[in-house]
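Remarks on the structure that follows.
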Amino acid sequence: METLASRSGWEIVEAEWPDCRGLAFKNRPKNVVELLQDTVTKYPDREGFIGGNWRLTYRQFDSIVNRIAAGLEAHGIRRGDHVAVLLGIQVEMALSFFAVMKLGAILVPLNTRFKGEELAYEINDSESKALIVDEEFWPAIDSVRGRLATIEKIFFNGADTPAGTLPFARLRDHEDIAFTQATLTESDDVAIMYTSGTTGKPKGAILHQRGFVLTAMLVSDFLQYQPRDRMICCIPLFHVTGLAMVMLSPIFGGAGAVYLRSFKTGDFLEVMSGQKITHYTGVINIIWLMINHPDFEKYDFSAFRVACFGGSPASEEMVRGIASKLPNLKMSVGYGLTESHAIVSTTPYEDALRKIRAAGKLLALGDAKIVDDDENELPRGGTGEILLKGAKVFKGYWKKPEATRQAMVDGWLRTGDIGKIDDEGFLYILDRKKDMINRGGEKIFSLEVENLIFNYPKVLEVAVVGVPDSVLGEAVKAVIALKQGETATQEEIKQFCAEHLADYKVPQFVEFVASLPRNPTGKVVKADLRYASG
């Protein structure tokens with residue numbers, strides 16, 4: 001199908017790699033390290049990284065990256081090794097990312113909201129050799145430290161380094177900057193990023209160099225960064241959107257990024273105004289909270305030019321409300337997923353209100369089609385599953401060949417999302433992956449929560465669904481039938497979940513019923529359960 005043209009006029013060519021053939025920008029960095037080095041060369045003294053105690057120019061940033069890479073190599077990290085990172089929205093994440101890349105190692109970003117058991121699964125499944133962890137998240141790691149089978153070194157970022165770990169500062173301040181820099185190809189792996197899976201256990205998507213580079217270029221091309229522009233980074237960097245769109249695209253564009261460690265609406269207002277933020281990328285809910293804050297009118301948002309929304313439903317009420325409060329703000333709504341290295345479609349600014357329910361037009365370099373249950377392509381306007389193809393499609397799932405085969409059909413990625421394409425080429429997302437709950441951009445697979453609650457001794461059966469939430473889009477609801485003679489309370493179930501799951505997965509609503517509604521085949525009818533009261 002037709003795609004949006006490059007705003008910069010970049011030439012697009014047909015390219016071929018060992019694992020793929022597709023379109024790419026002719027003049028492109030061949031890997032993320034080259035992407036960084038190009039910007040360091042062009043803008044060495046431009047301030048690129050602000051957050052915490054850090055204010056770094058590109059030259060300063062690259063120098064510290066080299067020290068960390070040398071330190072990691074001195075501690076045994078080599079090309080192809082897997083390095084897990086449990087870091088927040090902080091400059092240390094960007095530093096660690098590029099240090100790992102320069103060694104040719106592979107990053108495993110961990111969800112900072114996970115509890116110990118969830119973290120241990122991903123660390124062990126990914127066969128990570130080293131772990132970099134921030135002090136804020138240490139208790140979760142400490143609780144399962146004895147179960148991390150493949151970890152040889154743990155680097156601790158913070159004060160009071162725990163026994164048996166090494167201070168991250170030893171990497172950051174490493175005296176020797178000499179290390180063996182890897183020669184990277186476009187098909188080399190960058191990261192294993194875990195996504196929710198149909199078995200209730202996350203699957204590790206293998207993402208590659210060209211996917212990250214092309215995403216950074218596409219975003220930079222669409223946003224058209226200017227020298228003094230600043231992106232606010234306030235979405236998790238363990239998400240592909242955080243890494244590829246929010247962290248990498250400003251680097252490619254030579255812009256700056258301000259890292260906001262934790263989100264509180266008041267603090268967000270201060271940073272947006274005080275740091276003269278020009279760009280925001282993330283869920284619409286954050287800007288919605290900003291404009292509805294009682295102190296909104298006290299701040300100067302004249303620098304704020306562009307907001308790109310995705311990862312969470314953008315309701316008409318939200319889009320129109322933001323437009324009324326920030327009339328000069330250019331808005332775009334997009335769509336993407338981990339397996340496509342984030343964004344694949346976005347709405348031109350001039351169509352944001354006219355096509356308010358759409359997820360945009362396809363960006364350059366990719367292709368999309370809508371198919372029925374038999375994989376037959378549907379005509380424009382037909383409703384079916386969205387399939388994607390191109391150089392940005394992932395390699396597959398780590399150690400899960402069957403899941404990879406199910407996801408790929410003749411080079412097309414099955415997204416599992418239901419949508420349509422209208423006569424103008426705009427993509428619409430009509431439903432999400434079966435039973436996936438989207439809580440403010442955080443994807444929650446109901447089966448994972450159900451499997452846990454089933455383990456509670458009093459529970460006979462359970463169904464977990466997403467229910468409407470005015471701020472976050474959806475909230476988690478558990479509907480439970482207890483064993484005969486048993487009684488339980490909502491708080492009892494919530495407490496049990498909180499002990500084993502990340503906080504955003506814990507049900508906000510718990511309803512007890514005599515039995516779950518089922519269709520004639522015995523399948524639970526979840527549609528009958530999707531109401532918030534209970």
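Miscellaneous remarks
- Of residues in the stretch 416-455 being aromatic (F, W, Y) and crowded, with 17+ Cβ neighbours inside 10 Å, the one modelled with the highest pLDDT: F426
- If only residues of the stretch 119-169 that are among the acidic types (D, E) and more than 26 Å from V190 (Cα to Cα) are counted, the one that is modelled with the lowest pLDDT is D160.
- Listed by position, the strands (runs of 3 or more DSSP E) inside the stretch 395-471 whose residues that are touching a residue at least 12 places away in the same chain (Cβ under 8 Å) and over 24 Å from the mean Cα position of the chain (by Cα) number at least 1 are 412-421, 459-469.
- Listed by position, the helices (runs of 4 or more DSSP H) contained in the stretch 220-319 that have at least 3 residues being under 15 Å from the mean Cα position of the chain (by Cα), closer than 30 Å to A84 by Cα and among the small types (G, A, S) form an empty set.
- Residues in the stretch 482-511 that are surrounded by 16 or more Cβ atoms within 10 Å (Cβ to Cβ) and small (G, A, S) were compared, and the one that is farthest from S446 (Cα to Cα) is A488.
- Of residues in the stretch 178-219 being hydrophobic (A, V, I, L, M, F, W, C) and assigned to a loop (DSSP other than H, G, I, E, B), the one farthest from E14 (Cα to Cα): A178
- Single residue of the stretch 91-133 satisfying the filter (within 19 Å of the chain's Cα centre (by Cα) and of a type in the set (S, T, N, Q)) that is nearest to F263 (Cα to Cα): T112
- Looking across the stretch 131-147 at every residue that is in a helix (DSSP H, G or I) and of a type in the set (A, V, I, L, M, F, W, C), the one that is nearest to H82 (Cα to Cα) is identified as I141.
- Residues of the stretch 447-459 that turn out to be of a type in the set (A, V, I, L, M, F, W, C) and out of contact with any helix residue (DSSP H, G or I) (no Cβ under 9 Å at 6 or more places or on another chain), as a count: 2
- Subset of the stretch 451-465 (residues that are more than 13 Å from V510 (Cβ to Cβ) and among the charged types (D, E, K, R)): E461
- Looking only at residues in the stretch 472-487 that are in a strand (DSSP E or B) and in contact with a helix residue (DSSP H, G or I) (Cβ under 9 Å, 6 or more places away or on another chain), the one that is farthest from V449 (Cα to Cα) is G473.
- 2 or more residues within 22 Å of M193 (Cα to Cα) and of a type in the set (S, T, N, Q): qualifying helices (runs of 4 or more DSSP H) within the stretch 35-130: none
The values are calculated or read from the model by the stated rules, or taken from the named source; none is laboratory data. The shown structure was predicted, so the numbers you read here are calculated from the model rather than taken from an experiment. No Cβ is skipped: glycine too gets one built from the backbone with ideal geometry, and neighbour counts run over all protein chains shown.
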